[in-house]
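Read-outs throughout are calculated quantities, based only on the coordinates presented, and are distinct from any laboratory measurement. Since the model is a prediction, treat every value here as computed from it, not as a measurement. All Cβ positions, glycine included, derive from the backbone under ideal geometry; neighbour counts span all protein chains shown.
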Amino acid sequence: MSAYKDKDARINGIKDQIRVVPNFPKPGIMFQDITTLLLKPKEFKDTIDMFVERYKGKNISVVAGIEARGFIFGPPIALAIGAKFVPLRKPKKLPGKVISEEYILEYGRDCLEMHVGAVESAERALVVDDLIATGGTLCAAINLLERVGAEVVECACVIELPDLKGRERLNGKPLYVLVESH
Amino acid sequence: MQPGFSILCFQASADLPFLVFYQRKGVMHAAASLLNSSNLSLRFASQTQTRLSPWIAAPSSVRLPLNRSQNYRIALPPLHSTVSGDSTQPQQMASADVKAQDPRIAGISSAIRVIPDFPKPGIMFQDITTLLLDTKAFRDTIDLFVERYKDKNISVVAGIEARGFIFGPPIALAIGAKFVPMRKPKKLPGEVISEEYSLEYGKDVMEMHVGAVQAGERALIVDDLVATGGTLSAAIRLLERVGVHVVECACVIELPELKGRERLGEKPLFVLSLGLCSKLENFIKPSD
């Protein structure tokens, strides 16, 4: 589901602050740049508030954020709803014991890691990233959490690129976004 | 002993030697040579994870952590602080002329995990991810920074990739400032300015978006940890190049052995916790 369709008054302000940069990182890609949103305190706060309003009181004890832009949105949500924040990182960044989940990219593979012991079985978790495209990264995040017995309640992103059908790749997990970009 | 020094000795347990630090101008130094001149006999230290409470207060006192996982006791009183506590108590020293350490600090310090030999042998890695799992300690961390910086007319919080992205945005949101990510090369789309900086071996580059900040703005730079200060210095230069006034650098952890504070020159640095980056045997020499 998306807030865009719910027509919250704050949505247009948030969408207007997202900058589209053509041909980044390579020709043909229209890059959705959230850094301009972060320069606007009101709209950045509205973004966080919309997620917090949705998730507080839902007994969510874990917010998992995907490196690196998930680190920007995840912690403020975690702090506001009283959940712990768990960074999901590229390989070899997390010290100590980790579990890894490989996933497919357009060309090649990548890997997402989470600390052993960060999340306990039966905890209710939210996965946060700035954007969902094909859903590959989010799918890897869901797998990591489910492997340790956590229940992924929902995935939350600021932006969805619906044409890439990432929503279908989430193992049936619900997805909530604020803005769609076609 | 020169004036202006404070000495803290503590002993992790009865069978370990004293670990001695001295503090001068707010900077902590390992005091191996001091030990020799003081005729303290040393036995070889086993590796101990040491967490030191910082001095947020005046530099004439050093405070001991109330650490859940370690037993420290004060072996010798400091020479130049006013100590009113009983030196055999495993508690903080109190200095009459210094304000008390914020009670939230102990919980923050003890929530940070030290991982030996990461990313390479000999490095004691200060892992803040365990702090992020402790909802109270994480909230307290942010609150301590917010209390310090709100109402200081700071309009920019710059956070250094990637762990500065965790602490910077909550601070920015609470004080009503914008958040500016300082990133590794080729991550930021559009026009950027770059600043090269030195690593232990080689160089790296930090980038910031053109137009993210305006000349005359007042900025805070946030990262999880300051080691040598190279990364923070690059961030300062990036912001100053576009006419921004960097008010302060704020980190959760400082590694005083690496002298990052000196590398920042006149830019103030505020930290919540101190960490040792070496194994004890690397900087206490056994007596012959």
Legend entry - Filter result (among the hydroxyl-bearing types (S, T, Y) and within 11 Å of chain A (Cβ to nearest Cβ)) within the stretch B:149-173: B:S155
Inset, instruction - Specify which of the listed residues (B:Y201, B:Y197) is in a loop (DSSP other than H, G, I, E, B), under 24 Å from the mean Cα position of the chain (by Cα) and not acidic (D, E). - result: B:Y201
Legend entry - Test: A:K84 is within 9 Å of another protein chain (Cβ to nearest Cβ), over 23 Å from B:R183 (Cβ atoms) and charged (D, E, K, R): yes
Legend entry - Pick from the stretch A:18-41, criterion out of contact with any Lys or Arg (no Cβ under 9 Å at 6 or more places or on another chain) and not aliphatic (A, V, I, L, M), ranking: nearest to B:V180 (Cα to Cα): A:R19
Inset, instruction - Taking the residues in the stretch B:128-141 that are facing chain A (nearest Cβ under 7 Å) and touching a Phe, Trp or Tyr at 6+ places or on another chain (Cβ under 8 Å) as candidates, determine which candidate is surrounded by the fewest Cβ atoms within 10 Å (Cβ to Cβ). - result: B:L133
Inset, instruction - Return only the number of the condition from (1) more than 22 Å from the chain's Cα centre (by Cα); (2) surrounded by fewer than 16 Cβ atoms within 10 Å (Cβ to Cβ); (3) more than 23 Å from A:M114 (Cα to Cα) that B:L173 does not satisfy. - result: (2)
Inset, instruction - Name, by its number, the condition in (1) part of a loop (DSSP other than H, G, I, E, B); (2) farther than 20 Å from B:I171 by Cα that does not hold for A:V20. - result: (1)
Inset, instruction - Could you tell me whether the stretch A:115-136 includes any residue that is closer than 22 Å to A:Y176 by Cα and in a helix (DSSP H, G or I)? - result: yes
Legend entry - Looking only at the stretch B:182-199, and only at residues there that are among the charged types (D, E, K, R) and at the interface with chain A (Cβ under 10 Å from one of its Cβ atoms), the one that is surrounded by the fewest Cβ atoms within 10 Å (Cβ to Cβ): B:E191
Inset, instruction - State the number of residues belonging to the stretch A:53-78 that are at the interface with chain B (Cβ under 10 Å from one of its Cβ atoms), in contact with a helix residue (DSSP H, G or I) (Cβ under 7 Å, 6 or more places away or on another chain), crowded, with 24+ Cβ neighbours inside 10 Å and over 20 Å from A:I11 (Cβ atoms). - result: 4
Inset, instruction - State yes or no: is B:S233 away from chain A (no Cβ under 12 Å), polar (S, T, N, Q) and either more than 29 Å from B:A137 (Cβ to Cβ) or assigned to a strand (DSSP E or B) (or both)? - result: no
